[in-house]
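One structure below.
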Amino acid sequence: MGGQSGYQYRPFGSFRLGLAFLVVLQHFVANAAPLGPLYDYVIPYELGSLAVLVFFCLSGFVITEAVSRVYFDKPLAYLANRFLRIMPHFVVAILIAVIIYAVFYHFGTLRIANREHPELPTIHAFDLINVVGNFFAFLPGVNRFLPFGFVDIIWAVRVEMVFYVAVFLVLLNPSCLRWTALVPYALIALGLATVFITRHFGFGFFFLYGVLLFNHRRFRVSMILCIVGMSLYFFLIPLQTNANYHRAIPEQFMILIALIALMTWLAFRLVKPHAVDRNCGELSYPLYIHHLNILVLMISLTTGYSYLVFTTGLVISLAASYGLMRLVDPTVNRLRNIVRGGAVARVGSQAPRLA
C-alpha cells in the first residue's frame, strides 16, 4: 500500500445521489404519504435501509482509495478531512432542527417523522446540555447520553465514524499494513462470530467489502467470505421491525445484490471527470442530512397525510439541500484542499490497485 498522486475518476456521483434519494423516499412515504397503494408497495422493500448498507460498501472503497492516493503518510490530515466532510452540514442540520422543533413545540403543532411511534420531545429536549450535546451526536456513543436527538438519521454517520477512526488507527502505525493479507481474514472470522450477537458489527462486512474490492486481485477469497457475512447479516438481523407491514425479504435481498453489483461495476468504470456527476455526488450527503428537517417542517405545517405534502416535500428537500450545498461547500472545500495539501487530481486509466 503506497501513496500515489491522484484519483482515477469513477462515475459514483449519480449513484450516490440515487442512494440518498432512496433514503428520502422511504422517509417521506412512511411519514408524509397517506396509507394506500404507494405506502403498501414501497415500505416493505425498505429501500432507504438497503441504500445505507450500499453506502457503507461505497465508503469502504472510496476511503481506501483516498488513503492509498493521498493520505498514506498523513493520518492527521486524513482525520481532519473526514471531520470537515461530516461536521459543517451536520452542525447546520442540528441548528435548523432545534429551531423547527422549538417553534412547533411552542405552538403545539409539532409532528415528528415517526408515524408509528410519534413520541414528541419533552421540555428537557431544549435544555442547554441536550442542545449542545446534539452538536456532537455524530460521534459514536454521544447519543447514549442525550435525552433527545434532533436528527436521528445521524446514526449512519456514527457508524461511518467508527470506520474512519479504525482507518486512522491503522495509519498511525503503517507497519501494520505489512500484515494486510491477514487482516481481512481476521476481521471476517471475528465478524462471523459476532454477527449473531450484535447487528452493528454486521455493518463491518459492508465496509470491508469496499476495502477488499479496491484490492480485489489479492483478496478474491476474502471477498467471497465477506459476501457470505453480508448475507448472514441480512437474513439473520432485520433492518427494521414494524408490526404494520411484513418485510419483502427475498425482494430486498435481490435489490441489495443489484445495488452492490452496480457499485462494483462502477468501481472499475474509469471515465473522464464529469461536472454533473461530480455535483450529484456532492449533493448526496447534504440531501441525506437535511431532508428530515424538511419532512418535520412539512408535516408540522399540515394535518393528516397527503400526496401533495409528500411530493412537495421531496421537491423542497432537493432544492433546500442544493442551496445549503452551495452555501456551505465552497468554504469547506477550500479548507479540505488546504488540509490535504492541494486539490485532488484525477489521473490515470489503470484499474485500481494498492501497491
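Of the residues that make up region 87-106, is at least one farther than 18 Å from Leu295 by Cβ and of a type in the set (Gly, Ala, Ser)?
We begin by selecting, within region 87-106, every residue farther than 18 Å from Leu295 by Cβ; these are 87-88, 91, 106.
Those still in the list that are of a type in the set (Gly, Ala, Ser) too: none.
Looking through region 87-106, none of the residues is farther than 18 Å from Leu295 by Cβ and of a type in the set (Gly, Ala, Ser).
Could you grab the pairs with beta carbons closer than 7 Å, sequence gap of 6+ or different chains, first residue in region 121-146 and of a type in the set (Val, Ile, Thr), second one buried (at least 17 other Cβ atoms within 10 Å of the Cβ)?
Filtered contacts from region 121-146: Val131/Val98; Val142/Gly133.
Given (1) at pLDDT 95 or above; (2) hydrophobic (A, V, I, L, M, F, W, C); (3) outside any helix (DSSP H, G or I), where does Ala137 come up short, assuming only one miss?
The single condition Ala137 does not satisfy is (1).
Can you confirm whether Ile112 is in contact (Cβ under 8 Å) with a residue 40 or more places away in the chain, part of a loop (DSSP other than H, G, I, E, B) and buried (at least 19 other Cβ atoms within 10 Å of the Cβ)?
Working: in contact (Cβ under 8 Å) with a residue 40 or more places away in the chain: yes; part of a loop (DSSP other than H, G, I, E, B): yes; buried (at least 19 other Cβ atoms within 10 Å of the Cβ): yes.
Taking the combined requirement at face value, the residue satisfies it.
Going through region 89-99 one residue at a time, which ones are surrounded by 19 or more Cβ atoms within 10 Å (Cβ to Cβ) and in contact (Cβ under 8 Å) with a residue 60 or more places away in the chain?
His89, Phe90, Ala93, Ile96, Ala97
Has region 39-58 got at least one residue that is closer than 20 Å to Asp277 by Cβ and acidic (Asp, Glu)? Full working, then the answer.
First, pick out the residues of region 39-58 that are closer than 20 Å to Asp277 by Cβ: 51, 54-55, 57-58.
Among the residues that remain, those that are also acidic (Asp, Glu) are: none.
Scanning region 39-58 turns up no residue that is closer than 20 Å to Asp277 by Cβ and acidic (Asp, Glu).
Out of (1) modelled with pLDDT of 85 or more; (2) in a helix (DSSP H, G or I); (3) closer than 23 Å to Ser284 by Cβ, what's the single condition that is false for Ala166?
The one condition Ala166 does not meet is (1).
For region 247-355, list the helices (runs of 4 or more DSSP H) that sit wholly inside it and hold at least 2 residues that are at pLDDT below 95, within 23 Å of the chain's Cα centre (by Cα) and among the small types (Gly, Ala, Ser); which are they?
Numbers: elements: 249-267, 275-301, 307-340.
Where helices (runs of 4 or more DSSP H) fall fully within region 247-355 and carry at least 2 residues being at pLDDT below 95, within 23 Å of the chain's Cα centre (by Cα) and among the small types (Gly, Ala, Ser), they are 275-301.
Does at least one position in region 184-202 carry a residue that is of a type outside the set (Val, Ile, Thr), assigned to a helix (DSSP H, G or I), modelled with pLDDT under 55 and closer than 30 Å to Ile294 by Cβ?
Looking for residues that are of a type outside the set (Val, Ile, Thr), assigned to a helix (DSSP H, G or I), modelled with pLDDT under 55 and closer than 30 Å to Ile294 by Cβ, one finds at least one in region 184-202, hence yes.
Yes or no: region 68-83 includes at least one residue that is under 22 Å from Asp152 (Cα atoms) and of a type in the set (Gly, Ala, Ser).
First, the residues of region 68-83 that are under 22 Å from Asp152 (Cα atoms): 82-83.
Applying the additional criterion that residues be of a type in the set (Gly, Ala, Ser) yields none.
No; the residues of region 68-83 include none that is under 22 Å from Asp152 (Cα atoms) and of a type in the set (Gly, Ala, Ser).
Hey, Ala77 hits all of (1) surrounded by fewer than 18 Cβ atoms within 10 Å (Cβ to Cβ); (2) among the aliphatic types (A, V, I, L, M); (3) within 17 Å of Tyr285 (Cα to Cα) but one; which does it fall short on?
Going through the list (1) surrounded by fewer than 18 Cβ atoms within 10 Å (Cβ to Cβ); (2) among the aliphatic types (A, V, I, L, M); (3) within 17 Å of Tyr285 (Cα to Cα), Ala77 breaks only (3).
Given the criteria small (Gly, Ala, Ser) and farther than 18 Å from Phe15 by Cβ, does Gly281 qualify? Don't jump to the end; show me each part of the working.
Details: small (Gly, Ala, Ser): yes; farther than 18 Å from Phe15 by Cβ: no.
It is false that Gly281 is small (Gly, Ala, Ser) and farther than 18 Å from Phe15 by Cβ.
Among (1) at pLDDT below 85; (2) surrounded by fewer than 21 Cβ atoms within 10 Å (Cβ to Cβ); (3) of a type outside the set (Gly, Ala, Ser), which single condition is Ile224 missing?
(1)
Taking only pairs six or more apart or across chains, which ones have beta-carbon atoms under 6 Å, a first residue in region 27-48 that is without any contact (Cβ under 8 Å) to a residue 40 or more places away in the chain and farther than 19 Å from Ile112 by Cα, and a second residue that is surrounded by 14 or more Cβ atoms within 10 Å (Cβ to Cβ) and among the aliphatic types (A, V, I, L, M)?
Val42/Val29
The values are calculated or read from the model by the stated rules, or taken from the named source; none is laboratory data. The model shown is predicted, which means the values in this text are computed figures rather than measured ones. All Cβ positions, even for glycine, are placed from backbone atoms using ideal geometry, and neighbour counts span all protein chains on display.
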